[in-house]
Structures are given as C-alpha cells and as structure tokens.
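I have placed the structure first, in the form of structure tokens, so that the comments after it can refer back to it.
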Amino acid sequence: MFDAPFTFSIPLPLPIPSRQDNHIRRRLSSLKGQFLDTAEYKRMLAEEDRLVYEVYEIRRPKVAGELLSGISIVHPGKVGSEFFMTKGHFHTVLDTPEVYYILKGEGFMVMETPEGEACVEPLLPNRVLYVPPRWAHRSVCTSRQDDLVTFFVYPGNAGHDYGTIEEQGFRKLVVDSGGRIEIIDNPRWKK
Ligand code: PA5
Ligand code: NI
C-alpha cells in the first residue's frame, strides 16, 4: 500500500476523482425489496436493469486509524413515486461515524438508529453532513435531471452491514407526491 501523503482532484463538473482504486456500479437489480412499489420495480427491471448509483473508492487498509473516502453518484430516476437511492447500511462496527460533503445535485440522507430513531436531512451543494456513530444512512437523489454527487469519509474499520436494512428498508421514504417531495413512513417498517 502506497503510504506517503497524497492528493487528488475532483474535476467538477466531471465527478470522477483523479485517484481511484475501485469503481462500483449498482443497478436496479441490487435494490431488490427496497422500493415500495414492487410491481413497478419488477416491470422496470424486466425492461432494463438501470444504473442507479456509482461509487469511486480511494482504497486504504480497512483498519482503525485509517480513513476511507470516495465519491458517490446517485443518478436521477424513480421507481413508482420513490426516488432512486443507495442500498443504505449500518456500519458493521456500529460505533463509527461518516462525513459527507455534497458537491452537486440535491437530495436527502435518510438515517436511523437500531432503536428506530429516524432523521432525514436535505443534501445540497457545499453543505456538510455529519452522520454520528450508530446511524444507518441512505442517499436519495430528488433532482429530475442531475446526479447527486457526494464526497464521503469514514473510518477504515467501519465495514458495511447491508442485511439489517435489506429486511424491511428504512423507517422513512422519500417520494414524489404530484411534483412535491414528501417524506413518508415506510408501511413495511416495524420495530
Ligand atoms: O460508506 C458510505 O456510506 C458510502 O460510501 C456508501 O457506501 C455509498 O454511498 C454507497 O451506498 P451503499 O454502500 O449503501 O450502497
Ligand atoms: Ni457508510
């Protein structure tokens, strides 16, 4: 592992970092069970397994004391009335935080604790979001045409626990209600 200090650029409007070690592409098929309108999800998937979001990772050892960072790009789109979003996760080491700096686009970060406390924060360019330890997080892109682009940093040992969210999703959903963005309760969510 390259262990000297390093810099890299994020040459906006192109959000691809000049240094990157891994490019993850997540399509509709990887969000199975997450969108409320399952019939519409199936219909869309049969038509095309659309690209929903991408992540460029700057790799470092996955140990405490390191920081992992990268760029997340959530593309615009909807399944029924629900906006495109990331899978979302708790950190495997629950007691680890994350910082997001919003570079482009608009959306929300949907968050919750294992106890069921929920929080939804708007994501707007030039703003910073601090996700404290223990809060699961999911980015949602609410723009019609623009990608939601964020830069994230989290501890090297954090890990990703997707399983808990895969079971019933987040407590809150971000939906388009006749042209207005609404945050609603997820009817599938039970404590
Ligand atoms: O660690 C994070 O929270 C981010 O890097 C996310 O991994 C990224 O936004 C993609 O989301 P997810 O890991 O939920 O698929
Ligand atoms: Ni995270």
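What percent do you get for the relative contact order of the range 48-191 when only Cα pairs under 8 Å and 6+ apart count? Don't skip to the end; give the middle numbers.
Values: 368 pairs, mean separation 44.1, N = 144.
After rounding, I find 31 percent.
Taking amide H as placed 1.01 Å from N in the peptide plane, the amide H of THR92 sits under 5 Å from that of GLY159, HIS160, ASP161, each at least 5 places away or on another chain. For the pair VAL63 and SER30, a Förster radius of 41 Å applied to the C-beta separation gives a FRET efficiency near 0.95, rounded to the nearest 0.05. Of the residues PRO97, PRO13, PRO122, the one that moves most in a GNM of the chain with alpha-carbon contacts below 10 Å is PRO13.
Anything over 22 Å Cα to Cα? Flag those among LYS87/LYS191; LYS42/LYS104; LYS42/LYS190; LYS78/LYS191; LYS62/LYS172, in the order listed. Don't jump to the answer; show the numbers that get you there.
Numbers: LYS87/LYS191 20 Å; LYS42/LYS104 30 Å; LYS42/LYS190 24 Å; LYS78/LYS191 27 Å; LYS62/LYS172 30 Å.
Beyond 22 Å between Cα atoms: LYS42/LYS104; LYS42/LYS190; LYS78/LYS191; LYS62/LYS172.
Can you sort CYS141, CYS119 by 1.4 Å-probe accessible area, starting with the largest? It would help to have the intermediate numbers written out before the result.
Working: CYS141 0, CYS119 40 Å².
The most accessible residue leads, giving CYS119, CYS141.
If you run the Gaussian network model on the chain, springs between alpha carbon atoms under 10 Å, then out of TYR130, TYR41, TYR56 the most flexible one is TYR130.
With protein chains left intact and a 1.4 Å probe, residues in the chain average 51 Å² of accessible area per residue.
The figure for ARG134 is an accessible area of roughly 80 square angstrom, using a 1.4 Å probe on the protein chains alone.
Taking +1 at the Cβ of each Lys and Arg and -1 at the Cβ of each Asp and Glu, which of THR113, VAL153, HIS23 sits farthest along the dipole of the chain towards its positive end, judged by Cα position relative to the Cα centre? With unit charges placed on the Cβ atoms, the residue in question is HIS23.
Between SER143, SER18, SER30, where does the largest GNM mean-square fluctuation fall for the chain, given springs only between Cα atoms within less than 10 Å? Highest fluctuation of the listed residues: SER18. As a fraction of the 1.4 Å probe accessible area of the chain, surface on carbon and sulfur atoms comes out at 52 percent. Close amide-amide hydrogen proximity is noted between GLU98 and VAL131, each under 5 Å apart and 5 or more residues distant or on a separate chain (H modeled in the peptide plane; Pro and chain starts excluded).
Taking the alpha carbon gyration tensor of the chain, multiplying each eigenvalue by 5 and rooting it gives semi-axes of 27, 20, 15 Å, largest first.
Taking a point 7 Å out from the Cα of ASP146 in the direction of its Cβ, the residues of the range 48-64 whose backbone N falls within less than 20 Å of it are 52-56. Applying the Karplus relation 6.51 cos²θ - 1.76 cosθ + 1.60 with θ = phi - 60° to the range 24-31 yields 3J(HN,Hα) values of 9, 10, 10, 9, 3, 4, 7, 10 Hz, where x marks Gly and Pro.
A simple rule links phi to the HN-Hα coupling: the Karplus curve 6.51 cos²θ - 1.76 cosθ + 1.60 with θ = phi - 60°, which for the range 68-85 gives 9, 9, x, 10, 10, 10, 9, 7, x, x, 9, 10, x, 9, 9, 6, 4, 7 Hz, with x for Gly and Pro.
The values are calculated or read from the model by the stated rules, or taken from the named source; none is laboratory data. Computed from a prediction, not measured in an experiment: that's the story for all the values here. Because the Cβ atoms are built from the backbone with ideal geometry, glycine has one as well, and the counts that use them run over all protein chains shown. Side chains included, ligands, DNA and RNA excluded: accessible areas come from the protein's heavy atoms. Shrake-Rupley method; radii C 1.70, N 1.55, O 1.52, S 1.80 Å.
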